[in-house]
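Let me begin by presenting the structure, written as structure tokens, before commenting on it.
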Amino acid sequence: MNGERFERRDLAIAAALALGYLVVLCSSTKSLGYMRDEGFYVFCARALETWFDHIGTQGTDAFARASIDRYFDPVHEHPALMKLLFAASHRLLHERFPLFSESGDAYRLPGMAMGSLAVAVLYLWGTAAMGRIGGAVAALSFAWMPHVFFHAHLACLDVAVAAMWLLTSFLYARAFEGRHWPRLIAVGVAYGLFLDTKHNAWMFPFALALHLGVVRLVERRRKLPRTGPLVPWALVSVVVLGPLVLWLSWPWLWFDTSERVLAWFKFHLGHDYYNMEFLGRTYWKPPMPRLYAWVMTLGTVPLVTLVLAALGLFDTVRALVRGTESSRLVGDVLWLVGIATSYAPWWSSDTPIFGGTKHWLTAYPFLCLLAGRGFVLTLSHVRTLLPERPWLTRALPAALAVAVLVGPCVMAIHAHPYGLSFYTPLVGGVPGAASLGLNRTFWGYTTGVLAPDINRRALPGAAIYVHDTAIQSWELLRADGRVRSDLNGTLALYGSELALYHHEPHMRRVEFETWVLYGTVAPVAMAAYDGVPIAWLYQRPPKRAEGGAE
Amino acid sequence: MADWPPRVRRLRYLWVLVPVLGLLELATNVVLSRRAPGVEAWRALRGTVLAMKRSGEPVVVAPEWAEPLARLALGDRAFPLGELARADDRTVPGLLEIAELGARSPAVRDWPVVSEKREGPFVLRVLRNPKPLQSRYRFVDHVRPGELSVALVRGDTEHPCEFKEHLPATAGGLHGQVAFPSERFQCAGGEMFVGVTLIDDQDYRPRRCIWAHPPQAGTLRLRFSAVPLGAHLHGLAGLSYFLFRDGVGPPITLSASSGGRAFGTVSHRDESGFSGFELATPGLSGQTAEVDFEIRAEGGYRRDFCFAVEAVE
């Protein structure tokens, strides 16, 4: 990777890919319910919208400690960037200029834009490293990873932090060699915003240190000329400028800075353990299964993408060990380090696994860059097997690209709106995964699938037991008219008329409570994905007194 | 590569497998996504299942994850709560297994198949329990006045717990109490009652049992009158596994006796889940007698104990 300018055509293609992805994401939100975390982030964003109002009415007083503490306090365990963007998007694109009729879509737009940004950067970096077709395959492999496609819809931080890791790495690679000030400032600012997105960014300087060590080692072993200064200015920019930008862009840190930074670290380094089912067992305390990240990657990323990535990895490692060109070195090692660092915490059996694949989502862009390289390698070999005909030479790349992308694309679309319930054919698809005892759902968002049944069955003003759906997420469904405005979400089963149940083994006790209170074990509606029950709805039988279990 | 032996050179065709794999994965995904029967297929099974279902012989679904669909389609008649949340299979004479995707229920895989019938995507098997225990009395079915009296016993003092029929049925959600039924023997103070409810066992499966929270001091006594006894009392007991799997609470003891004659005492630790015990009732088989269960726990704060016992031959 060097710092050459991109052709205008490539910039246009990157923009088209990003815009296309954004349109697909925006047009497929309607059946997707709101996750627990989305409910919490929207709650934060609403507080920040009020802060925006205070800036308008109170001017600089809005930046005083009392104001900052009040409006930035909700969920201060996570930094401000995305929450501010959610708030700004909602305020501007739903309330002021009603581009989005549903408030949820406006809150989700920044998350979707981050997914699109990742697609664009993947194309550009992939194109620079291995040509347009490799870049396109890398970008689309990422876009159509079923779990990425799901997370890319959300007003959450996970795809955003993956995009920021990718973007910062990309800018770092471009700034590595020289002393080009705009690029150096860009990478420092990008890292600051990366820090302000999610705490995964803490690992990035360690990744860069590892990167530098490997690059210098390979240069020395292969007797290649050193790329750039011994310690690149880009690294200095990351380390110096990054924290400064974080401080500037996260007002919560303006006061009691050291205490709050320490508390931020402490919260995530000592995070609670939540329940997660894996291979038929519910894990809720250490030791966590060390195979979790690997098995879940195998079970949720399309096999063809993984095989391409494996081929790309082979080619990349071979070039590092035996190659003679140095131009690839900085970028290639960044890709490998991006994957290794993202997966590293799950080598420890003390690391929580409650979030499933989102924990190591930051590895997937780099995995897809390797897949792009694997594709180019495959293309070059398949080309030698075919007769040399001009039309065939022209058609082959597109045909091969379709062959490796159509499966992931169909799987991603088919996964919608169940998202997290999706598993690849390698583990037998959704039914196979259920039989293996892999987690079927979490975050309570499949309420979105059952919303029409709730609307049809509930009496006016009924109380609906929302189970794992956060009340804030339920309120979003209500505000957007997806569930009737007269229906009240409740966490009290007693007094409810309809009860949701989102299946996880440890949650079953809630279903048993419903059986006792409602006097029935028969759900009235079900969100089943490929024949596998994911979430279901109970209705209190009419005129039945709340009875015992007999 | 040109100078490689032909056999090795042929390996280059393996590169074609990459795009083929992409298309194969797509096709497999389409096939797998349509394999498991949906709710309409389950609904079509309703008449057949209800005709085959015998009282006291539970319906089991294989694979187990499909059971909620079966409950939706077949309704409460196919899944009476007492059968669905049974303590175990030992006293069950037989089962009706509904299987899809070639699955079998692991727990009853070895039971003899009496009949087997294919119906659409399903296989219906009537299974016979090879070694059923004969149940003479299932205590959980007799938690009502006239058959059971409940009292808190502190020293020589007894405080009877009164039977109430219309108390509010409540539940605590994921981290709260299990469902408290509206019909229960309510003791003085707080959560002290005896009634029938469900708890989650160590596999997070439902178990129907008699909720009997011991007092912080003294004993909770349940006295069942006119119990036809067999050779043993076969029981299972535990607390909600999700709530108490940390195992930090003090042990709970359950003692069984009849007319001052002790059958034995069982000590239960939280982390054991819903675990079994066997108490002999020597010389009483075939007789009808009063049976007492006494439950106690030292420092019994939140000792959400629940047990299911049967008098068996």
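A short reminder: the numbers here are calculations on the coordinates, not readings from a lab. Since this is a predicted model, take the numbers as computed values, not measurements. Neighbour counts run over all protein chains shown; Cβ positions are idealised from the backbone, glycine included.
Below, the figures for the structure above:
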{"quantity": "Peptides B:169-176, A:410-417, A:157-164 ordered by average Cβ neighbours within 10 Å, highest first", "calculated": "A:157-164, A:410-417, B:169-176"}
{"quantity": "Computed magnitude of the charge dipole of chain A (debye, nearest 20; Cβ of K, R +1, Cβ of D, E -1)", "calculated": "1700 debye"}
{"quantity": "Sorted by Cβ neighbour density within 10 Å, fewest at the top, the residues A:S237, A:S169, B:S257", "calculated": "B:S257, A:S237, A:S169"}
{"quantity": "Kirkwood-Stokes translational diffusion coefficient of the range A:286-437, alpha-carbon pairs, 4 °C, 1.567 mPa s, µm²/s", "calculated": "75 µm²/s"}
{"quantity": "Nearest-20 debye value, the range B:135-312 charge dipole, Cβ charges on Lys, Arg, Asp, Glu", "calculated": "100 debye"}
{"quantity": "Net charge of Cβ neighbours under 12 Å - reference A:C26; Lys, Arg +1; Asp, Glu -1", "calculated": "0"}
{"quantity": "Alpha carbon centroid spacing (whole Å) that separates the range B:51-87 from the range A:412-432", "calculated": "27 Å"}
{"quantity": "Hull volume in cubic angstrom per residue (convex hull over the Cα atoms of the range B:1-154)", "calculated": "251 Å³"}
{"quantity": "C-alpha long axis of helix A:132-143 to longest principal axis of chain A, angle in °", "calculated": "20 degrees"}
{"quantity": "Vicinal HN-Hα couplings computed from phi for the range A:341-354 (Karplus, 6.51 cos²θ - 1.76 cosθ + 1.60; Hz; Gly/Pro x)", "calculated": "5, 5, 8, 3, x, 8, 6, 8, 7, 8, 7, x, 10, 5"}
{"quantity": "Gyration tensor verdict on the protein assembly as shown (Cα atoms; rounded if a/c is under 1.5, prolate if a/b is larger than b/c, oblate otherwise)", "calculated": "prolate"}
{"quantity": "Listed pairs A:K198/A:K285; A:K198/A:K223; A:K83/A:K285; A:K30/A:K285; A:K83/A:K358; A:K223/A:K358 exceeding 28 Å between Cα atoms", "calculated": "A:K198/A:K223; A:K83/A:K285; A:K30/A:K285; A:K223/A:K358"}
{"quantity": "10 Å beta-carbon shell around A:V148, net charge (K/R +1, D/E -1)", "calculated": "0"}
{"quantity": "Burial ordering of A:R478, B:R9, fewest other beta-carbon atoms within 10 Å first", "calculated": "B:R9, A:R478"}
{"quantity": "Proportion of all alpha-carbon pairs of the range B:39-128 beyond 21 Å (%)", "calculated": "19 percent"}
{"quantity": "Other protein chain Cβ atoms within 10 Å, averaged over every residue that makes up A:431-439", "calculated": "3"}
{"quantity": "Considering only chain A, percent of DSSP beta bridges that pair antiparallel, nearest 5", "calculated": "70 percent"}
{"quantity": "Order of B:W65, A:W536, B:W4, A:W254 under a 10 Å beta carbon neighbour criterion, fewest first", "calculated": "B:W4, A:W254, B:W65, A:W536"}
{"quantity": "Rounded, prolate or oblate (a/c below 1.5 giving rounded, otherwise prolate when a/b exceeds b/c) for the range B:80-130 by Cα gyration tensor", "calculated": "prolate"}
{"quantity": "The range A:358-496 - charge dipole about Cα centre, Lys and Arg +1 at Cβ, Asp and Glu -1, debye rounded to 20", "calculated": "360 debye"}
{"quantity": "Using θ = phi - 60° and Karplus 6.51 cos²θ - 1.76 cosθ + 1.60, couplings along the range A:67-79 (whole Hz; Gly, Pro as x)", "calculated": "5, 4, 4, 6, 8, 9, 5, x, 6, 6, 5, 10, x"}
{"quantity": "Spatial separation of Cα centroids for the range A:436-451 and the range A:461-498, in angstrom", "calculated": "17 Å"}
{"quantity": "Protection proxy ranking of B:147-156, A:383-392, A:507-516 - average other beta-carbon atoms within 10 Å, highest first", "calculated": "A:507-516, B:147-156, A:383-392"}
{"quantity": "All-pairs alpha carbon distance profile, the range B:104-258, 5 Å steps from 0, percent", "calculated": "2, 7, 14, 16, 17, 15, 11, 8, 6, 3, 1, 1, 0"}
{"quantity": "Per-peptide average of other Cβ atoms within 10 Å, ordering A:299-307, B:11-19 highest first", "calculated": "A:299-307, B:11-19"}
{"quantity": "Centre separation in Å (Cα based) which lies between the range A:509-533 and the range B:30-48", "calculated": "18 Å"}
{"quantity": "Listed residue (B:P37, B:G56, B:P214) projecting farthest to the positive dipole end of chain B, Cβ model", "calculated": "B:P37"}
{"quantity": "For the range B:152-234: rounded, prolate or oblate by the Cα gyration tensor [a/c cutoff 1.5]", "calculated": "oblate"}
{"quantity": "10 Å Cβ neighbours from other chains, averaged over peptide A:416-428", "calculated": "2"}
{"quantity": "Cα lying deepest toward the dipole's positive end in the protein assembly as shown, options A:N275, A:F366, A:M82, charges on Cβ", "calculated": "A:F366"}
